[in-house]
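Comments concern the structure below.
The values are calculated or read from the model by the stated rules, or taken from the named source; none is laboratory data. These numbers come from a predicted model, not from an experiment. We place every Cβ from the backbone using ideal geometry, glycine too, and count neighbours over all the protein chains shown. Heads up: the accessible areas ignore ligands, DNA and RNA and are worked out on the full protein's heavy atoms, side chains in. Shrake-Rupley method; radii C 1.70, N 1.55, O 1.52, S 1.80 Å.
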Amino acid sequence: MKRILIVDDLHPAFKEQAIAMGYQVDDEPQITRQQTLDKIKDYTGIAVRTKFRIDAEIFAAAPNLKFVARAGAGLDNIDDKIAFERNIELINAPEGNCDAVGEHATGLLLSLMNNFRRADIEIRNGVWDREGNRGYELKGKKVGIIGYGFMGQSFAKKLAGFEVDVMAYDKYKTGFSDAFAREVSMEEIVKHSDVLSLHIPLTAETRQMVDDEYFFHFKKPIFFINTARGEIVKTTAVLNAIKNGKILGAGLDVLQTEKFPALGEQSWYNELKNNDQVILTPHVGGWTFDSYRKISEVLAEKLKGLNF
């Protein structure tokens with residue numbers, strides 16, 4: 001009997017469709033890492049969201065494992081090198097939450113450009129400041145997108161009605177210009193962008209890629225959006241760029257350190273939380289009530305394509 005262990009909170013659609021394919025599915029969203037280690041030897045597949053890393057220890061305890069289903073877009077919490085060496089299939093579902101990410105990035109951008117956070121706080125504290133909260137219009141701006149996969153494409157599509165010039169750079173793709181964005185060089189991104197949005201995976205190459213030097217090269221002040229992975233960006237570099245006028249506002253759904261208490265212990269946390277040119281959300285860009293279902297449906301569809 002082919003068996004799947006679900007160790008995280010997934011929409012029931014994945015379990016239901018897997019059972020229909022002939023799998024025995026144990027849905028245990030409360031299971032601990034140690035409990036998983038104790039029983040994973042009996043399973044053909046494991047489905048995970050963000051609970052823990054599928055690393056060498058997990059793989060070593062799972063001699064019968066044939067696939068890992070990641071309920072989300074990124075695969076950075078899976079040791080893909082070991083999976084490749086053992087011919088273990090990795091399936092993920094960027095198609096399931098790309099609309100959520102595109103909408104979230106757009107919302108962050110509009111909020112920053114129109115001072116929604118600061119204006120709301122001021123009014124609640126008895127301050128009515130129209131001039132201090134005068135905003136910017138998106139129309140006519142040049143938006144730079146780094147990474148033109150599912151997430152970058154979704155953001156570009158969401159911007160289609162704003163009459164902006166969307167430029168996209170992707171180190172690993174060429175010839176991808178479409179109705180929503182035009183392919184450009186990184187030099188054009190840094191020279192012309194009014195807005196910069198990241199849509200790239202976390203890899204050894206991209207980890208802490210965005211640092212002080214990265215922002216230094218931009219020719220115009222920018223609005224900066226990160227809905228990708230926090231570890232790609234040095235938070236101190238964002239704060240420094242705000243101080244020196246390189247960044248007009250930053251919308252950060254992800255941070256290089258996430259969750260409390262660890263986040264509160266970072267040396268830069270107090271400066272970040274007190275900066276009214278920053279909007280923070282708790283890594284929920286791709287996590288909506290709608291994407292919760294769609295991710296599981298995409299995973300189930302990809303499970304059908306595996307031959308075990």
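Odds and ends about this structure:
- When both the stretch 290-308 and the stretch 135-177 are represented by their alpha-carbon centers, they are found 27 Å apart.
- Net lengthening on full extension, Glu205/Met21 (0.36 nm per residue, minus Cα-Cα): 62.4 nm
- Mean separation of Cα contacts under 8 Å, 6 or more apart, over the residue count of the chain: relative contact order %: 18
- One compactness figure for the stretch 132-212 is 1.13, namely its Cα radius of gyration divided by 2.2 N^0.38 Å.
- When the charge dipole of the chain is built from unit charges on Cβ atoms (+1 for Lys and Arg, -1 for Asp and Glu) and taken about the Cα centre, the candidate among Ile123, Gly175, Gln17 whose Cα reaches farthest toward its positive end is Gly175.
- The charge dipole of the chain, taken about its Cα centre with unit charges on the Cβ atoms of Lys, Arg (+1), Asp and Glu (-1) only, comes to about 160 debye.
- The gain in end-to-end length when the Lys139 to Ala61 segment is fully stretched comes to 22.6 nm, 0.36 nm per residue minus the alpha carbon separation.
- The distance linking the stretch 111-127 with the stretch 224-243 is 22 Å (Cα centroid to Cα centroid, whole angstrom).
- Global form of the stretch 233-308, assessed from the alpha-carbon gyration tensor, a/c cut-off 1.5: prolate
- Accessible area of Phe176 (1.4 Å probe, protein heavy atoms only, ligands and nucleic acids ignored): about 20 Å².
- Comparing Trp287, Ser111, Leu272 along the charge dipole axis of the chain, the residue lying farthest to the positive side is Ser111, per the Cβ-charge model.
- Over 19 Å between alpha carbons, listed pairs Lys41/Lys259; Lys2/Lys302; Lys158/Lys234; Lys2/Lys304; Lys2/Lys66: Lys41/Lys259; Lys158/Lys234
- Scalar couplings 3J(HN,Hα) for the stretch 120-129, obtained by applying the Karplus form with A = 6.51, B = -1.76, C = 1.60 to θ = phi - 60°, are 4, 5, 4, 4, 5, 10, x, 10, 10, 10 Hz; x denotes Gly and Pro.
- Gyration tensor verdict on the stretch 95-146 (Cα atoms; rounded if a/c is under 1.5, prolate if a/b is larger than b/c, oblate otherwise): oblate
- Expressed as a whole percent, the accessible surface of the stretch 78-153 that belongs to carbon and sulfur atoms is 50, based on a 1.4 Å probe.
- Aspartates and glutamates with Cα under 18 Å of Lys81, excluding same-chain neighbours fewer than 8 positions away: Asp55, Glu57, Glu89, Glu205
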